[in-house]
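**Student:** Take this structure, written in structure tokens, and hold onto it; I'll ask about it next.
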Amino acid sequence: MRVPYTWLRELCDPGIGPEELAERLAMTGTEVERVATVGPPSAEGFVVGKVLAAEPHPDADRLSVCAVDTGEEEERTIVCGAPNVAAGQMVPVALPGATMPGGQKLGKAKLRGVKSYGMILSAAELEVGEDPGGILVLEDGIVPGSPLSRVLPLAEPVLELEVTPNRADCFGVYGVAREVHAISAAPLGPEPWAEDAPAEGDGEVGDYASVTVEAPDLCPRFTARVFTDVAIGPSPAWLQARLTAAGQRPINNVVDIANYAMLLTAQPLHAFDLDRVPGGALTIRTAAEGETMTTLDGVERTFDAETVLVCDGNGPSGIAAIMGGQASEVSGGTARVLLEVANWDGTNILRTSRLLGLRSEASSRFEKQLHPELCMRAQRIASRLMVELCGAKLVPGTIDVAAAAPAPHRIVLRGSRVEGLLGMRIEQPDQVAYLERLGFGVEVDGDDLAVMVPPDRHYDVTREVDLIEEVARVHGLDEHLPTTLPGSAGQVGGLTREQRLRRRAEDAMRDLGFDEAIGWSFTDPGEAQRLRIPAADPRADAVMLSNPLSEDQSAMRTTVLGSLLDVARGNLARDADRVALFESGCVYLDAGDAGEGPLAGSFPGERPAPVAEPRHLGCLAVGPLSAGSWRGGGEPADFFSLKGVLEALAGRLGAELSFEAAAEPFLHPGRAARVAIDGDRAGWIGELHPLVCREWDLEAAVAFEVELAALVGAATAGEETYEDVTTFPAVYQDLAVVVPDEVSAASVRDAVLGGGGELLRSAEVFDLYEGEQLGEGRKSLALRLEFRAPDRTLTDEEVAGLRRSIEVELGKVGGSLRE
Amino acid sequence: MLERIEEIRSEAGTAIEAAPGTAELEGLRVRLLGRKAELTTILRGIADLPQRERGKVGAAANRARQELEALLERRAADLDAAELEARLAVDRVDVTLPGAPARPVGHIHLITRTTRQIEDVMVGLGYRVVEGPEIEHDYYNFTALNHPPGHPARMLQDTFYVQSHPDVLLRTHTSPVQIRALEVQPPPIFMIVPGKVYRRDSDATHSPMFHQVEGLAIGEGITMADLQGTLSEMLQAIFGEGREARMRPHFFPFTEPSVEFDVSCFQCEGSGALGDGSRCNLCKGIGWIEVGGAGMVDPTVLGFVESSGYDPERVQGFAFGMGVERIAMLRHGVPDLRRFFDNDVRVLGQFR
Ligand SMILES: [Zn+2]
């Protein structure tokens, strides 16, 4: 909302500059985006001139050489390119040294050999209106040489307000003036709609026009007045200037009057050329589903059954509150005008304007829900201007098709509640003064107030708490509100164990050398295919958005891997030679069920989350984990480098993982494993399939992705119990086991642990040997064993016995000890 | 005999001192104390000596032997040390070559770090951290937050909807978690909600995905003045000691009264001007920087959870929310919100 400062001051002059007012407004709830200046930055150097003579330029067809009286002893020679310049005109003149809008400083110029000592200006050049036809011609009766600012607003400050959607009243300048009155206590001018125009036309409005409202729910009020003897022409300079400063293009006097009344009251109006409305009959109805109409902008639009149309005998002529019709538009030949001022259902207008992608000054006001009472305010203001500026005659009577107006709200404001909610006291006389200045009716009832809400605030102020906000903001939060803390209710703050462990997992990944990425939750629907995920896999069934910003962002991710691959590609394209990334974030699975706890997607509340969104921890490495150097190293990360990372991560949490060869569509089939916790699937790890790498322009990459809920759920960190390792010494032994190739290290280790029983505290594979002397298809694994009893020192015989039982267990998986 | 022993001892002592290396010393040891050595022979022949000489000769020979052993040992230690020094002296490296690269240390994303910082501040004030789903029911995101269907306030946020479920959307704020938590926990409640949120907007100042942190405090007699105090504590913890908070009235559907809150500018100390008199670029000369929105929880919102103990006549409280990206941008001079989601490792690595 653009509010020209001079216009505002005419209604309520706070006695302070626009910048200071802007700050006061901001501190009381109306944000001022900026204070702009319309027109030249300063009025200096702009005067009224009188064209004494205008002769054709000797060397240029389109230029005139003018003699202009600017109140100085000698007349000035000014070369002018406008076709409409003529002797006798009063015109705006910029003298050399004046600064034009946009900051350009005017100098003396030589135009085709003739020196020009100034410039005759058009309305557009001064930013006071539109006049592509040429220079602005002023009214007679001004002394040449007078400052131009006496007749035109120059350097007009304009407050660009960011009005919150609840304040429909502040979409009109008078509403803003009332707000300024409330916060400054400066006097407020009389309501501009107080006085109506004399009705001097012939007959009665019903003789000219009729209105039928078939959709009273969506059109609670429709008023119409008729004007005859209308003389269409340009608006006077003051009106053009005011509209231009407010951001409206002047068109002709009738349209300008409608816009002016809207800017003043917030109530939009629409003028019809009555002679182009067949029979003067208008019908307001909802569209038939699929009904079409070509709107003013030449686009054919299709409506649904909730769209409200304004129709005449020829069919739909406009979309209610959004766009008028071309057929009945006011034009140069218009002699009789029907002025519509209606009230519409805001929700319906908002819906339709969204649906059609059409938004106008009018619709943006109607969608905030105006009160039906406003209609006649606008009618009265416009009627007086129609008579005054267009020489029109107002036909007696107003067509007024209206449902019952909503009953005004009467709200009790308890004095105790004001202080109870705010934590500051506002004296009752102050409360009364603030509310009355805002236009509320107030009756004092002991400590309480009975408050009547004016129509302008009917939809905004409906409850006691809304009144508390009104008195609080006018009173001034910044100056008066104390700074306190809530009384302690014995609450203890903190993170849950799950939240602490999640942080620990993220920190562990950082300490292991990985950078945390935050990828987009959106992806393109083709990602599953690029990851070679088959259609039957739940990860191919992404949650799709119905209104994405682009196709590339239309699906919700089902893996963190895809995001990490995108990030890796981006970084390699920026010349990174290696990346080591992780992300802790949600994936979204339409078909999935939430597990236990927030990390698994189970959240507080009576309704479960609409889709499963478990939190995953993904990790991706391209290139070496540590850089190589002159000493060597720098081998690219492979399956085992990342498995070591995952094991270290699990170690930080005290979680036990198991790995088993298992394919994933996006992994190298021979270098892929399922990660399990307590036998349940918790993720995967592996080198990426070369075809997947190719899709992301990578040579090779290795990754894992685990469910954080499972990882954190299995964590024992923080819950450990002391184990005595000092009283009785451990016995360490190495074991070399020969097994067929196909027997996994894990099953060898399991057999060893099984055979060793409780006294075998650990068994770790530390070497692998494959050589001719073992024979084809066999390998040897070396394990380091640690035996310990909690209550005694183990004897050699005991350990030898355990070794024998280990040997037995190994035999069951085809293994034997190698001596 | 005794003279001979003394002679052996003295000659041997000189020879030991003169031994140039451990190999020579080992030769000496064999020659002096070995099986065929003269001293050994003497000791072995003591039994054949006359009775009265045995004691003296035996004692002298043994003493000589012990002395030589000690000398040999000392000389061996000296030689070892000297030889070690000599070996070390030639074992040189070029200390100017680069060190072997350690496993690099990674980085926590600045958004995560900033979120944690805010969480920690609020935890210190007695708040718990609660999380909720990003894909949410319309009911929690709008209806229960006083945005009835068709309400213009719904259009404040342009919302992504889910194809398969018309009443399901990507949450536009973290506020739906308020309702979820209030449904299951009776008052008093002090909670904070971090998380991703989504709006249908993309340019230099808007990202379709970003992060919010939201706080909520409801109990008996919690006032707007308490909101101001809480914001003030929080902003000082985030932006530094001595920062001030101010609240400007505003409009949100789920709070009444509603405010936006600012922190006094930490670059110009709230003066709006820099040391050289030029306008402060951070606060644009205003002295205050907008941080987020807040207000007293609207009674209509409490009405949706009245059955879990939130009678608007009995309990009241405040809510506040802010963008994590915005705070990170202010604190660390990040010029463009989109940089957070580029995940450029050269940028990630700047924040330790
Ligand atoms: Zn500043």
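**Student:** Looking at (1) at negative phi; (2) within 14 Å of chain B (Cβ to nearest Cβ), which is the only condition A:Gly357 fails?
**Tutor:** Going through (1) at negative phi; (2) within 14 Å of chain B (Cβ to nearest Cβ) one by one, A:Gly357 breaks only (1).
**Student:** I've got another one for you. Restricting attention to strands (runs of 3 or more DSSP E) lying wholly within the range A:391-455, give those where 1 or more residues are under 30 Å from A:Ile257 (Cα atoms). Walk me through how you get there before you give the answer.
**Tutor:** Values: elements: A:399-402, A:410-413, A:441-445, A:448-452.
The qualifying strands (runs of 3 or more DSSP E) are A:399-402.
**Student:** Would you call A:Gly513 on the phi > 0 side of the Ramachandran plot and either facing chain B (nearest Cβ under 7 Å) or hydrophobic (A, V, I, L, M, F, W, C) (or both)? Steps first, answer last, please.
**Tutor:** Values: on the phi > 0 side of the Ramachandran plot: yes; either facing chain B (nearest Cβ under 7 Å) or hydrophobic (A, V, I, L, M, F, W, C) (or both): yes.
Judged against the criteria, A:Gly513 is a match.
**Student:** Taking interchain pairs and intrachain pairs at least six residues apart, which have beta carbon atoms under 8 angstrom, with the first residue in the range A:269-285 and free of Cβ contacts under 8 Å to residues at least 12 places away in the same chain and surrounded by 20 or more Cβ atoms within 10 Å (Cβ to Cβ) and the second among the polar types (S, T, N, Q) and not in a strand (DSSP E or B)?
**Tutor:** none
**Student:** Give me the residue from the range B:199-218 that is more than 7 Å from chain A (Cβ to nearest Cβ) and part of a loop (DSSP other than H, G, I, E, B) and, out of that set, surrounded by the fewest Cβ atoms within 10 Å (Cβ to Cβ).
**Tutor:** Keep residues of the range B:199-218 that are more than 7 Å from chain A (Cβ to nearest Cβ), which gives B:199, B:201, B:203-207, B:210-216, B:218.
If we keep only those that are part of a loop (DSSP other than H, G, I, E, B) as well, we get B:199, B:201, B:204-205, B:207.
Numbers: B:Arg199: 19, B:Asp201: 13, B:Ala204: 9, B:Thr205: 12, B:Ser207: 20.
Step by step, filter the range B:199-218, then rank; the result is B:Ala204.
**Student:** Among A:Val645, A:Val567, which is the only one that is crowded, with 18+ Cβ neighbours inside 10 Å, at the interface with chain B (Cβ under 9 Å from one of its Cβ atoms) and assigned to a helix (DSSP H, G or I)?
**Tutor:** On the way: A:Val645 fails: at the interface with chain B (Cβ under 9 Å from one of its Cβ atoms).
After applying the criteria, what remains is A:Val567.
**Student:** Against the definition (aliphatic (A, V, I, L, M) and more than 10 Å from chain A (Cβ to nearest Cβ)), how does B:Val305 come out, yes or no? Outline the logic, then answer.
**Tutor:** On the way: aliphatic (A, V, I, L, M): yes; more than 10 Å from chain A (Cβ to nearest Cβ): no.
The answer is no for B:Val305.
**Student:** Could you check A:His616 against (1) surrounded by 19 or more Cβ atoms within 10 Å (Cβ to Cβ); (2) over 27 Å from A:Trp696 (Cα atoms) and say which number it fails?
**Tutor:** Unmet for A:His616, out of (1) surrounded by 19 or more Cβ atoms within 10 Å (Cβ to Cβ); (2) over 27 Å from A:Trp696 (Cα atoms): (2).
**Student:** Among the residues of the range A:786-802, is any in a strand (DSSP E or B) and over 24 Å from A:Leu657 (Cα atoms)?
**Tutor:** We begin by selecting, within the range A:786-802, every residue in a strand (DSSP E or B); these are A:786-787.
Still in the list and also over 24 Å from A:Leu657 (Cα atoms): none.
Within the range A:786-802, none of the residues are in a strand (DSSP E or B) and over 24 Å from A:Leu657 (Cα atoms).
**Student:** Checking the structure you have, find out if any residue of the range A:536-558 is farther than 30 Å from B:Asp158 by Cβ and polar (S, T, N, Q).
**Tutor:** Taking every residue of the range A:536-558 in turn, none turns out to be farther than 30 Å from B:Asp158 by Cβ and polar (S, T, N, Q).
**Student:** Got at least one residue in the range A:168-183 being part of a loop (DSSP other than H, G, I, E, B) and of a type in the set (A, V, I, L, M)? Give the derivation first.
**Tutor:** First, the residues of the range A:168-183 that are part of a loop (DSSP other than H, G, I, E, B): A:172.
Restricting the remaining residues to those that are of a type in the set (A, V, I, L, M) gives none.
Within the range A:168-183, not a single residue is part of a loop (DSSP other than H, G, I, E, B) and of a type in the set (A, V, I, L, M).
**Student:** Go through the range A:516-537 and give me each residue that's touching a residue at least 60 places away in the same chain (Cβ under 8 Å) and within 12 Å of chain B (Cβ to nearest Cβ). So that I can check it myself, show each step before the final result.
**Tutor:** Within the range A:516-537, the subset touching a residue at least 60 places away in the same chain (Cβ under 8 Å) is A:516-519, A:521, A:530-534, A:537.
Of everything in the range A:516-537, those that are touching a residue at least 60 places away in the same chain (Cβ under 8 Å) and within 12 Å of chain B (Cβ to nearest Cβ) turn out to be A:Glu516, A:Ala517, A:Ile518, A:Gly519, A:Ser521.
**Student:** What are the residues in the range B:118-150 that are in a loop (DSSP other than H, G, I, E, B) and within 7 Å of another protein chain (Cβ to nearest Cβ), if any?
**Tutor:** Here is the first cut: in the range B:118-150, the residues in a loop (DSSP other than H, G, I, E, B) are B:125-127, B:130-134, B:142, B:146-150.
Selection gives B:Leu125, B:Gly126, B:Tyr127, B:Val130, B:Glu131, B:Gly132, B:Pro133, B:Glu134, B:Gly150.
**Student:** On the given criteria, is B:Phe261 among the hydrophobic types (A, V, I, L, M, F, W, C), more than 9 Å from every other protein chain (Cβ to nearest Cβ) and more than 34 Å from the chain's Cα centre (by Cα)? Reasoning before the result, please.
**Tutor:** Working: among the hydrophobic types (A, V, I, L, M, F, W, C): yes; more than 9 Å from every other protein chain (Cβ to nearest Cβ): yes; more than 34 Å from the chain's Cα centre (by Cα): no.
The answer is no for B:Phe261.
**Student:** Another question, then. Going residue by residue through the range B:219-234, is there one that turns out to be crowded, with 17+ Cβ neighbours inside 10 Å, in contact (Cβ under 8 Å) with a residue 60 or more places away in the chain and within 16 Å of the ligand (Cβ to nearest atom)?
**Tutor:** no
**Student:** Residues in the range A:668-682 that are in contact (Cβ under 8 Å) with a residue 24 or more places away in the chain and either in contact with a Lys or Arg (Cβ under 8 Å, 6 or more places away or on another chain) or assigned to a helix (DSSP H, G or I) (or both): how many?
**Tutor:** Looking only at that region, the number is 2.
**Student:** Given the residues B:Glu260, B:Glu256, B:Glu269, which is the only one that is of a type in the set (Asp, Glu) and over 25 Å from B:His173 (Cα atoms)? Show your work before the answer.
**Tutor:** Values: B:Glu260 fails: over 25 Å from B:His173 (Cα atoms); B:Glu256 fails: over 25 Å from B:His173 (Cα atoms).
None of the others qualify; the one that does is B:Glu269.
**Student:** Residue check: is B:Arg339 within 16 Å of the ligand (Cβ to nearest atom), more than 19 Å from A:Ala26 (Cβ to Cβ), surrounded by fewer than 22 Cβ atoms within 10 Å (Cβ to Cβ) and among the charged types (D, E, K, R)? Explain how you work it out, then say what you get.
**Tutor:** On the way: within 16 Å of the ligand (Cβ to nearest atom): no; more than 19 Å from A:Ala26 (Cβ to Cβ): yes; surrounded by fewer than 22 Cβ atoms within 10 Å (Cβ to Cβ): yes; among the charged types (D, E, K, R): yes.
No, not satisfied.
**Student:** Looking at the range A:473-486, which of its residues are more than 19 Å from A:Asp169 (Cα to Cα) and at the interface with chain B (Cβ under 7 Å from one of its Cβ atoms)? Break it down stepwise before answering.
**Tutor:** Our first condition is that a residue be more than 19 Å from A:Asp169 (Cα to Cα); within the range A:473-486, this holds for A:475-486.
Across the range A:473-486, the qualifying residues are A:Leu477, A:Asp478, A:Leu481, A:Pro482, A:Thr483, A:Thr484, A:Leu485, A:Pro486.
**Student:** Here's a follow-up. Only residues that are surrounded by 15 or more Cβ atoms within 10 Å (Cβ to Cβ) and touching a helix residue (DSSP H, G or I) at 6+ places or on another chain (Cβ under 7 Å): list them for the range A:479-502, please.
**Tutor:** A:Leu481, A:Thr483, A:Thr484, A:Leu485, A:Pro486, A:Gly493, A:Leu495, A:Glu498, A:Leu501, A:Arg502 - these are the residues of the range A:479-502 that are surrounded by 15 or more Cβ atoms within 10 Å (Cβ to Cβ) and touching a helix residue (DSSP H, G or I) at 6+ places or on another chain (Cβ under 7 Å).
**Student:** Does the range B:157-166 hold any residues that are free of Cβ contacts under 8 Å to residues at least 40 places away in the same chain and facing chain A (nearest Cβ under 7 Å), and which are they? Full working, then the answer.
**Tutor:** From the range B:157-166, those free of Cβ contacts under 8 Å to residues at least 40 places away in the same chain are B:161-166; that's our starting set.
Those that are free of Cβ contacts under 8 Å to residues at least 40 places away in the same chain and facing chain A (nearest Cβ under 7 Å): B:Tyr161, B:Val162, B:Gln163, B:Ser164, B:His165.
**Student:** Of all residues in the range A:287-302, how many are in contact (Cβ under 8 Å) with a residue 40 or more places away in the chain and more than 30 Å from A:Cys170 (Cα to Cα)?
**Tutor:** The first filter runs over the range A:287-302 and keeps only residues in contact (Cβ under 8 Å) with a residue 40 or more places away in the chain, leaving A:295, A:301.
Then drop every residue that is not more than 30 Å from A:Cys170 (Cα to Cα), which leaves A:301.
The total comes to 1.
**Student:** Working only within the range A:103-130, note down all residues that are part of a loop (DSSP other than H, G, I, E, B), under 28 Å from A:Arg249 (Cβ atoms) and touching an Asp or Glu at 6+ places or on another chain (Cβ under 9 Å).
**Tutor:** Kept after step one, since they are part of a loop (DSSP other than H, G, I, E, B), are these residues of the range A:103-130: A:103-104, A:106-108, A:112-113, A:117-118, A:121-122, A:127-130.
When the remaining residues are screened for being under 28 Å from A:Arg249 (Cβ atoms), the result is A:103-104, A:106, A:118, A:121-122, A:127-130.
The answer is A:Ser122, A:Glu127, A:Val128.
**Student:** If you don't mind, there's one more thing I want to ask. Does A:Gly145 fit the bill of being without any contact (Cβ under 8 Å) to a residue 60 or more places away in the chain and either outside any loop (DSSP other than H, G, I, E, B) or exposed (fewer than 15 other Cβ atoms within 10 Å of the Cβ) (or both)?
**Tutor:** Details: without any contact (Cβ under 8 Å) to a residue 60 or more places away in the chain: no; either outside any loop (DSSP other than H, G, I, E, B) or exposed (fewer than 15 other Cβ atoms within 10 Å of the Cβ) (or both): yes.
Taking the combined requirement at face value, the residue does not satisfy it.
**Student:** Given the conditions (1) closer than 26 Å to A:Gly420 by Cα; (2) surrounded by fewer than 20 Cβ atoms within 10 Å (Cβ to Cβ); (3) within 11 Å of another protein chain (Cβ to nearest Cβ), and given that B:Pro186 satisfies all but one, which numbered condition is not satisfied?
**Tutor:** Here B:Pro186 meets the rest and fails (3).
**Student:** Same structure again: Name the residue that is surrounded by the most Cβ atoms within 10 Å (Cβ to Cβ), counting only residues in the range B:288-309 that are closer than 16 Å to B:Gln185 by Cα and more than 40 Å from the chain's Cα centre (by Cα).
**Tutor:** B:Phe304
**Student:** Among (1) farther than 30 Å from A:Tyr459 by Cα; (2) at the interface with chain A (Cβ under 7 Å from one of its Cβ atoms), which single condition is B:Pro194 missing?
**Tutor:** (2)
**Student:** For the range A:529-564, which positions are part of a strand (DSSP E or B) and surrounded by fewer than 16 Cβ atoms within 10 Å (Cβ to Cβ)?
**Tutor:** Kept after step one, since they are part of a strand (DSSP E or B), are these residues of the range A:529-564: A:544-545, A:555-556.
Correct list: A:Met544 only.
**Student:** Also, quick follow-up: Considering only helices (runs of 4 or more DSSP H) fully contained in the range A:458-517, which possess at least 2 residues that are β-branched (Val, Ile, Thr)? Walk me through how you get there before you give the answer.
**Tutor:** Numbers: elements: A:464-475, A:477-480, A:497-511.
Fully inside the range A:458-517 and qualifying: A:464-475.
No value in this document is a laboratory result; all are computed from the given coordinates. The shown structure was predicted, so the numbers you read here are calculated from the model rather than taken from an experiment. Note: ideal-geometry Cβ built from the backbone for every residue, glycine included; neighbour counts use all protein chains shown.
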